[in-house]
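First comes the structure, then the notes that go with it.
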Amino acid sequence: LADPAMVRFKADLVPALTALRKDGFAFGIVTNQSMIGRGLATQEEVDAVNQLVIDFLRQHQIVIRFFYVCPHVPEVHCRCRKPEIELGLRAISNFDLSPSLSYMIGDQESDILFGKNLGCTPIQVSGNANKSQFAEYYASSLRDAAGWVLEQVKG
């Protein structure tokens, strides 16, 4: 999205992230935004949307520690576009993350492969992409994904 007015949050976003936060999880976002590379949006427009997400979550005591954006089109074959792991390695280095204790939650195959290639546990939330064979868990919703993560930690 290039227009913050078009942003809609999933109903279970805040409850899912709140449950994870209460159990000690921290959050970051890595996103492919080829609309910048295609000239459909400017970096500033995408930044405005991202800031809206950060501000919305902050109102619910959910802090996004990092928000990394790949602006490139797939044809560029850059190292920062998921499933490539450059942005994940940056997050690991900058925030002292432990991939083996981390989860990647996304809906696209590129999200799942990104998490797997980093050494995280990848979880796919159902959406408009085909079910990935690389996901450790296929969740029906964000709340389902959060519940599964909490079961793994407690189990």
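Annotations
- Taking Rg and Dmax of the Cα atoms in Å as calculated from this structure, the corresponding entry among [x] 14.2, 40; [y] 15.1, 47; [z] 20.0, 66 is [y].
- Interatomic Cα distance distribution for region 67-155, bins of 5 angstrom, percent: 3, 15, 23, 23, 20, 11, 3, 1, 0
- Mean Kyte hydropathy of -0.5 or more with a Cα span along the axis of at least 27 Å, helices from DSSP in the chain: none
- Rough spin-label spacing in nm, given labels placed 7 Å along Cα→Cβ, for Asp47 and Ser140: 4.2
- Stretching the chain fully between Ala11 and Cys78 yields a gain of 20.7 nm (0.36 nm per residue, less the alpha carbon separation).
- For Tyr68, the residues whose amide H sits under 5 Å from its own are Ile29, Val30, Thr31, ignoring neighbours fewer than 5 places away on the same chain, with H placed 1.01 Å from N.
- Signed unit charges on C-beta, dipole axis of region 53-131, positive-most listed residue Pro99, Ile54, Pro71: Pro99
- Shape of region 34-110, Cα gyration tensor, a/c cut at 1.5: oblate
- Dipole check for region 9-116: with +1 at the C-beta of Lys and Arg, -1 at the C-beta of Asp and Glu, and the Cα centre as origin, the magnitude is about 220 Debye.
- Among Ala19, Ala129, Ala41, residue whose mean-square fluctuation peaks in a GNM of the chain (springs only between Cα atoms under 10 Å): Ala129
- Spatially proximal lysines relative to Lys154 (Cα-Cα < 22 Å; intrachain offsets below 8 disregarded): Lys22, Lys116
- Between amide H atoms placed 1.01 Å from N, distances below 5 Å from Tyr137 occur with Gln124, all of them 5 or more places distant or on a separate chain.
- Based on DSSP H segments of at least four residues, each scored -39500 (n - 2.57), the chain has a per-residue ellipticity at 222 nm of -12000 deg cm²/dmol.
Bear in mind that the values in this text are calculations on the coordinates, not laboratory data. From a predicted model like this one, the values you see are computed outputs, not experimental measurements. Positions of Cβ are generated from backbone atoms using ideal geometry, with glycine treated the same way; all protein chains shown enter the neighbour counts.
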